[in-house]
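The values are calculated or read from the model by the stated rules, or taken from the named source; none is laboratory data. All values derive from a computational prediction rather than experimental measurement. Using ideal geometry, Cβ is built from the backbone for each residue, glycine included, and neighbour counts are taken over all protein chains shown.
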Ligand SMILES: C[S@@+](CC[C@H](N)C(=O)[O-])C[C@H]1O[C@@H](n2cnc3c(N)ncnc32)[C@H](O)[C@@H]1O
């Protein structure tokens, strides 16, 4: 597969006037050219012409070559053929951009001869559902709701790659109100059931009585209490027969709008911070144990520009604002709800206006060019959706090294067994253990 990428990049490079430049640039991380499978670096090319369109086209063409050689990208359901990629494209070929529940949902629609009515698509990881419906009918009106920036970018990438139009798509975050015209809903069951309950309640506020909501899920996740959750927050529900260990739940909206619960504000012991979380934010209404040890071991110094990378509710960046009062603090998360919570927590804790900056982003992909951090704080995720993977942590470390000013510090926490010191040593050529306990370790690397 690496060879395919290499050849792909080479051929694209010749078309796009790309010159060989360096090993392991940002392009490396965007293309997923690292990987636990191979542990191999290889040459990539950097665009001399930095136009975004040229970069996009280079990446897409390289992905296309990869698609021809990688079976796990070929989505083939009820006559619909698509090449689908996770975002960012990862080298771990066992991870797919869709699962059997997506296939089950599409099969059910086709068997039911579903007409192309305005359809909300919710929690579609990388655009498998929206691409399939656009393939069935390019004019199918789709209202796509996601909390994850990577889902949004993945769906966009997959539409583009499969040459599907996007004029039929409207995008919404999980805090936006869906339009009143929605006549059908397709959903994937998320891992976080508090978030799911919140999504059902929000749907109850816009869906007319009788509107059908189809939810694809692993059969093992479906039980009486899940069906009771539907009944409580949206309307009666029943599950289909199992197919490939998945079921489709059909819920019929009862047309009664539910009131969303009030937010909970909680204190962090030992530091003077009040925190609240929207429903899809990491760690819900408690402090993560990794974050706790990080709070007890933040570095000392006169930092001017700090990044809280993968900020969640913003606890690390908020504490940094207290410790380094002259610093600008940048909060970044893939979850729009996380970024909104960090922003709300900045205000709740009366931190100085104009010093907090909030970015809904995939790692530091769109971080402003003119900002050079001298400290990046990071408690990285070790999964993406249901998949356990260290590729996001790796991308975060790569992006931090790329964007830190010379002499700047990356300060991270991780489970001991994840061996992040090996990655930091490889990237920064230095790595210091700042603190550790039985389970977690705090590491620091300097650019
Ligand atoms: C382990 S949590 C840490 C949250 C918070 N910093 C804390 O310490 O409690 C990791 C965070 O990374 C975010 N994340 C996951 N993938 C990401 C990506 N590609 N880009 C940015 N953030 C991401 C998750 O949404 C989550 O909030």
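See the values below:
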{"quantity": "Sole exception among (1) in a strand (DSSP E or B); (2) surrounded by fewer than 20 Cβ atoms within 10 Å (Cβ to Cβ) for residue 411, by number", "calculated": "(2)"}
{"quantity": "Failed condition for residue 125, given (1) in a helix (DSSP H, G or I); (2) within 16 Å of the ligand (Cβ to nearest atom)", "calculated": "(1)"}
{"quantity": "Checking residue 249 against (1) in a loop (DSSP other than H, G, I, E, B); (2) more than 10 Å from the ligand (Cβ to nearest atom); (3) under 21 Å from residue 192 (Cβ atoms), the condition it does not meet", "calculated": "(1)"}
{"quantity": "Unmet criterion (only one of (1) surrounded by 21 or more Cβ atoms within 10 Å (Cβ to Cβ); (2) within 14 Å of residue 168 (Cβ to Cβ)) for residue 125", "calculated": "(2)"}
{"quantity": "Pair list, Cβ < 7 Å and 6+ apart or interchain, from segment 288-308 residues that are free of Cβ contacts under 8 Å to residues at least 60 places away in the same chain to residues that are within 11 Å of the ligand (Cβ to nearest atom)", "calculated": "295/319"}
{"quantity": "Filtered residues of segment 296-307 (kept if surrounded by 18 or more Cβ atoms within 10 Å (Cβ to Cβ) and closer than 14 Å to residue 322 by Cβ)", "calculated": "298, 303, 306"}
{"quantity": "Only listed residue being within 16 Å of the ligand (Cβ to nearest atom) and crowded, with 18+ Cβ neighbours inside 10 Å, chosen from 154, 216", "calculated": "154"}
{"quantity": "Of all residues making up segment 248-293, the number that are under 23 Å from the mean Cα position of the chain (by Cα) and surrounded by 14 or more Cβ atoms within 10 Å (Cβ to Cβ)", "calculated": "16"}
{"quantity": "Cβ pairs under 7 Å, 6+ apart, first in segment 309-334 and not assigned by TED's automatic domain parsing to the domain that holds residue 147 and at pLDDT 95 or above, second near the ligand (Cβ under 6 Å from one of its atoms) and part of a helix (DSSP H, G or I)", "calculated": "311/338; 312/338; 313/338; 315/291; 316/291; 334/150"}
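Residues are listed down the side, and each one gets a yes or a no for (1) in the same structural domain as residue 317 (by TED's automatic domain parsing); (2) surrounded by 17 or more Cβ atoms within 10 Å (Cβ to Cβ); (3) over 21 Å from residue 306 (Cβ atoms):
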position: 368; (1), (2), (3): yes, no, no
position: 380; (1), (2), (3): yes, yes, no
position: 399; (1), (2), (3): yes, yes, no
position: 407; (1), (2), (3): yes, no, no
position: 421; (1), (2), (3): yes, yes, yes
position: 439; (1), (2), (3): yes, no, yes
